[in-house]
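Remarks on the structure that follows.
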Amino acid sequence: MHIIPAVDVLDGQVVRLLKGDYSQTTTYGSAPAEAARSWAAAGATLVHVVDLEGARLGAPSLGLVEQIASTNVPFQIGGGVRSVQAARRVIEAGAQRVVLGSVAVWQPEVLAELVGVYGPERVVAAVDVKAGLATGSGWLDKGRPFLEVIAGVAETGVGWILTTGISQDGTMAGPDLELTRAAVEQAGSAGVIGSGGVGTLADLVALDECGASGVVVGKALYEGVFSLQEAISAVSG
């Protein structure tokens with residue numbers, strides 16, 4: 001299972017939200033590119049970047065994409081990518097993978113089109129779940145039943161499904177293992193990346209045992225609960 005450090009960006013700052021709430025942020029620095037570079041230096045083979053302002057406004061920041069791409073650190077990025085055209089611009093600006101959330105919930109045909117153009121490995125469907133519903137539009141829409149969404153996403157041929165338990169996100173209180181198991185069962189050939197709530201090395205092991213192919217880790221790394229190397233070692237064998 002791959003450990004993927006998170007670099008969430010809001011107003012140019014590296015932050016973490018609590019439970020997806022923009023009014024509850026913790027700031028960890030003012031240099032997203034430096035954060036990405038430091039995680040790569042520590043052993044990360046991929047960094048997960050979230051353009052939080054883009055997610056809220058529905059339009060990704062190509063400047064942020066280019067800033068991260070300038071580091072030559074492999075990364076996937078999401079936030080406001082809601083069309084084939086926007087995804088194409090993000091990939092052409094240097095992202096290895098493009099992450100789409102609202103589209104996964106409401107327009108999975110866009111995912112299928114992107115898979116046809118770029119192949120499954122470069123397309124990530126983000127399924128953010130709260131109270132059993134997968135939501136998009138910066139977590140503000142009404143959502144759809146998450147199992148229905150995951151099944152539909154799997155049919156598009158995407159290479160990756162990123163599942164986040166929003167109620168756990170940023171809490172370090174433990175991931176939603178039931179959500180991860182359900183996603184793995186429904187994902188077909190797609191790899192499942194878990195996210196939200198990781199607070200201990202045991203949480204990483206539990207996600208690995210659920211069948212996750214990767215896990216996005218944010219606050220626990222930034223708070224120094226464990227190091228990236230400790231996380232990698234915990235699931236390496």
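The values are calculated or read from the model by the stated rules, or taken from the named source; none is laboratory data. If you're wondering where the values come from, they're calculated on a predicted model, not measured in any experiment. Every residue, glycine as well, gets a Cβ built from its backbone with ideal geometry; the counts of neighbours run over all protein chains shown.
Scanning the range 184-201 for residues that are in contact (Cβ under 8 Å) with a residue 24 or more places away in the chain and not in a loop (DSSP other than H, G, I, E, B) turns up Val184, Gln186, Gly191, Val192, Ile193, Gly194, Ser195, Leu201.
Going through (1) under 24 Å from Gly194 (Cβ atoms); (2) touching a Ser or Thr at 6+ places or on another chain (Cβ under 9 Å) one by one, Leu46 falls short only on (2). Determine whether Gly170 is at pLDDT below 95, assigned to a loop (DSSP other than H, G, I, E, B), in contact with a helix residue (DSSP H, G or I) (Cβ under 8 Å, 6 or more places away or on another chain) and not aliphatic (A, V, I, L, M). In short, yes.
Of all residues in the range 205-237, those satisfying the criterion of being part of a helix (DSSP H, G or I), in contact with a strand residue (DSSP E or B) (Cβ under 6 Å, 6 or more places away or on another chain) and not small (Gly, Ala, Ser) are Leu207, Lys219, Leu221, Tyr222, Ile232. Residue under question is Glu148, and the condition is that it be at negative phi and in contact (Cβ under 8 Å) with a residue 40 or more places away in the chain; does it hold? For Glu148, the condition - at negative phi and in contact (Cβ under 8 Å) with a residue 40 or more places away in the chain - is not met. Taking the range 7-72 and the helices (runs of 4 or more DSSP H) fully enclosed by it, the elements with 3 or more residues that are buried (at least 16 other Cβ atoms within 10 Å of the Cβ) and among the hydrophobic types (A, V, I, L, M, F, W, C) are at 32-41, 62-69.
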